[in-house]
Amino acid sequence: MPNASEQIMASQQMSKSDTINLRKKHIGQACQLFYRSDPLKIVRGQGQYMFDEEGTRFLDCINNVAHVGHCHPEVVRAGAMQMATISTNNRFLHDELVQCAKNLTDKMPAELSVCFFVNSGSEANDLALRLARNYTRRQDVITLDHAYHGHLQSVMEISPYKFNQPGGEPKPEYVHVAPCPDIYGGQFTDKLYPNANLAALYAKPIEDICARQLANGQGVAAFIAESLQSCGGQILPPAGYFQAVYDAVHSAGGLCIADEVQVGFGRVGSHYWAFETQGVVPDIVSVAKPMGNGHPVGAVVTTPEIAQAFHATGVAYFNTYGGNPVSCAIANAVMRVIEQEQLQQNAQRLGEYLLRECNQLKQEFDCIGDVRGMGLFVGIELVSDRETRTPDTKTAHWVVDRMKQVHKVLVSSDGPNDNVIKLKPPMCFSLENADEFLLAFRECLTLHMQQLHAAHPDVAADNTNSVITTAADTLANKTKRFDREDRFIKSV
Ligand SMILES: Cc1ncc(COP(=O)(O)O)c(C=O)c1O
């Protein structure tokens with residue numbers, strides 16, 4: 001096998017500007033880059049780090065796909081060995097395929113014992129809808145506002161995150177959008193309804209849709225939701241929400257689909273699947289992204305009854321690449337590494353630390369309106385006014401940019417107002433990494449407060465210079481480390 005530097009030489013020989021020009025010419029403009037004004041050219045990844053063409057090291061806080069760490073050697077080895085042995089379709093018997101199905105279903109509640117393999121999250125959700133529509137003989141789907149479930153036609157239709165954008169295609173009549181259960185910035189907040197049962201308040205619109213659908217005789221085919229909504233801005237539904245919703249949907253004859261494409265495989269720390277945090281059992285679960293650690297593989301997991309009804313149509317399910325031995329060997333390696341390296345436990349420990357420290361920052365910086373999360377899935381909502389919870393999109397963008405430009409830490413922003421700083425790093429994220437993020441983030445917030453103070457001298461500014469100096473010192477040390485690592489890269 002070629003070593004890392006040979007691979008970089010082979011695949012990344014162009015100057016960055018040539019890469020940009022070729023991309024502009026041949027790649028559809030709808031494919032947007034991160035950091036559009038100064039995009040990153042990433043040539044190598046290792047663990048929780050990514051390296052650009054100059055050898056600069058970036059701390060990756062956004063890649064929930066590289067779940068067990070970029071280019072994890074065991075995963076790479078499993079894929080390469082299987083690739084060198086045989087890769088064919090799932091119409092042949094293969095142990096990696098059945099083992100992968102066993103490994104996945106062993107982690108699920110007992111009723112979810114049958115798998116269909118696919119190549120992406122979009123395909124998983126598309127198939128989940130087909131299974132639900134076939135089983136229920138109904139068409140209508142309930143989805144949550146701001147949800148994203150993939151790029152295929154069928155799942156774009158249930159993704160308000162996309163179809164509500166200017167230029168998005170109109171929502172079909174058979175899709176019903178319920179409010180996102182965001183208790184900080186949504187329709188029912190803990191501020192407006194301090195003593196209310198927020199789970200019940202957010203479940204009510206879904207109960208109403210179900211009642212309407214029963215009354216008009218159409219019923220419901222499915223309710224689909226991410227167990228924690230990521231595109232919605234790292235949303236944790238209030239306890240009891242999914243139970244109330246699942247009950248309503250089941251009463252209307254529908255099935256419940258949990259989209260675990262982003263939040264599955266131990267990311268939430270306390271559980272392997274995020275739906276487990278609400279004590280519910282979905283009828284269908286979609287998984288993808290982290291399952292392949294960067295390799296395209298996904299699955300739909302369901303009950304024998306739903307799978308049998310799909311079989312009974314007489315139309316066979318065939319997917320050329322879904323369930324090929326290479327993808328399955330990789331997925332098996334990912335699940336093995338999660339266990340061996342106790343990454344779920346790491347997510348829980350680090351998540352608690354990050355939440356505690358970010359809440360501490362919230363005490364110090366008024367621009368932090370809310371800190372929420374579970375495991376290594378954390379959101380920090382920036383506001384310009386805590387009282388009114390006014391989203392501060394501009395500052396969020398500025399922070400994301402400064403974190404990358406100055407601190408070489410990659411974070412992203414999301415949510416309906418794009419003001420939530422999102423953290424969903426590879427699960428090998430360490431305490432040292434968390435501190436690196438926190439120090440950099442603190443420097444950004446401090447500078448932001450200084451700038452606010454300069455613009456409005458009546459706003460108090462305290463201790464800001466020492467924080468910025470400390471962060472600058474740390475940055476200088478880190479740069480020395482980058483230099484060392486740069487030499488390391490060039491010598492491998
Ligand atoms: C929650 C969720 N579901 C589905 C998808 C679609 O997955 P893919 O891009 O692998 O098709 C995504 C992708 O971002 C996602 O975040």
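The values are calculated or read from the model by the stated rules, or taken from the named source; none is laboratory data. Everything numeric here is computed off the predicted structure, so don't read it as measured data. Glycine gets a Cβ as well: all are built from the backbone with ideal geometry, and neighbour counts include every protein chain shown.
Under the condition of being away from the ligand (no atom under 16 Å from the Cβ) and touching a residue at least 60 places away in the same chain (Cβ under 8 Å), the residues counted in the range 211-234 number 5. Every condition in (1) assigned to a helix (DSSP H, G or I); (2) in contact with a His (Cβ under 8 Å, 6 or more places away or on another chain) holds for Gln345 except the one numbered (2). Of all the listed residues (Ala274, Ala244, Ala252), the sole one being in the same structural domain as Ser327 (by TED's automatic domain parsing) and under 14 Å from the mean Cα position of the chain (by Cα) is Ala274. Screening Arg91, Arg77, Arg57 for residues that are touching a helix residue (DSSP H, G or I) at 6+ places or on another chain (Cβ under 6 Å) and basic (Lys, Arg) leaves exactly one candidate, Arg57. Against the numbered list (1) in contact with a Pro (Cβ under 8 Å, 6 or more places away or on another chain); (2) under 24 Å from Ala440 (Cβ atoms), Leu144 comes up short only at (2).
Restricting the range 337-393 to residues that are of a type in the set (Gly, Ala, Ser) and in contact (Cβ under 8 Å) with a residue 40 or more places away in the chain, the residue that is farthest from Phe265 (Cα to Cα) is Gly369. Looking only at residues that are out of contact with any helix residue (DSSP H, G or I) (no Cβ under 7 Å at 6 or more places or on another chain) and among the polar types (S, T, N, Q) in the range 101-147, which one is nearest to the ligand (Cβ to nearest atom)? Only one residue fits best here, namely Ser120. On the stretch given as the range 148-194, residues that are more than 13 Å from the ligand (Cβ to nearest atom), among the aliphatic types (A, V, I, L, M) and surrounded by fewer than 21 Cβ atoms within 10 Å (Cβ to Cβ) total 3. Summed over the range 288-322, the residues that are within 23 Å of the chain's Cα centre (by Cα) and either away from the ligand (no atom under 16 Å from the Cβ) or acidic (Asp, Glu) (or both) give a count of 1.
Evaluated against (1) more than 16 Å from Val268 (Cβ to Cβ); (2) part of a helix (DSSP H, G or I), Gly322 falls short on exactly one condition, (2).
Scanning the range 56-86 for residues that are surrounded by fewer than 20 Cβ atoms within 10 Å (Cβ to Cβ), part of a helix (DSSP H, G or I) and touching a residue at least 24 places away in the same chain (Cβ under 8 Å) yields Glu74, Arg77, Ala80, Met81, Met83. Selection of first residues in the range 134-157 that are in the same structural domain as Ala288 (by TED's automatic domain parsing) and in contact (Cβ under 8 Å) with a residue 60 or more places away in the chain and of second residues that are of a type in the set (Asp, Glu) and assigned to a loop (DSSP other than H, G, I, E, B), restricted to Cβ pairs under 9 Å at least 6 apart or on distinct chains, gives the following pairs, ordered by first then second residue: Tyr135/Asp283; Asp140/Glu173; Val141/Glu157; Thr143/Glu157; Asp145/Asp182; His146/Asp182. At least 3 residues being touching a Lys or Arg at 6+ places or on another chain (Cβ under 8 Å) is the threshold, and among the strands (runs of 3 or more DSSP E) wholly inside the range 360-436 those reaching it are 368-373, 378-385, 412-414. When you check Gly254 against the structure, is it at pLDDT 95 or above and closer than 19 Å to Ala132 by Cα, yes or no? Against the criterion (at pLDDT 95 or above and closer than 19 Å to Ala132 by Cα), Gly254 qualifies. Taking the range 236-271 as the range and being without any contact (Cβ under 8 Å) to a residue 60 or more places away in the chain, within 14 Å of the ligand (Cβ to nearest atom) and of a type in the set (A, V, I, L, M, F, W, C) as the test, only Ala258 passes. Could you tell me whether the range 8-21 includes any residue that is at pLDDT below 95, within 30 Å of Met335 (Cβ to Cβ) and under 23 Å from the mean Cα position of the chain (by Cα)? No, because not a single residue in the range 8-21 is at pLDDT below 95, within 30 Å of Met335 (Cβ to Cβ) and under 23 Å from the mean Cα position of the chain (by Cα). So is Gly232 modelled with pLDDT under 95 and either among the polar types (S, T, N, Q) or not assigned by TED's automatic domain parsing to the domain that holds Val411 (or both) or not? Yes, satisfied.
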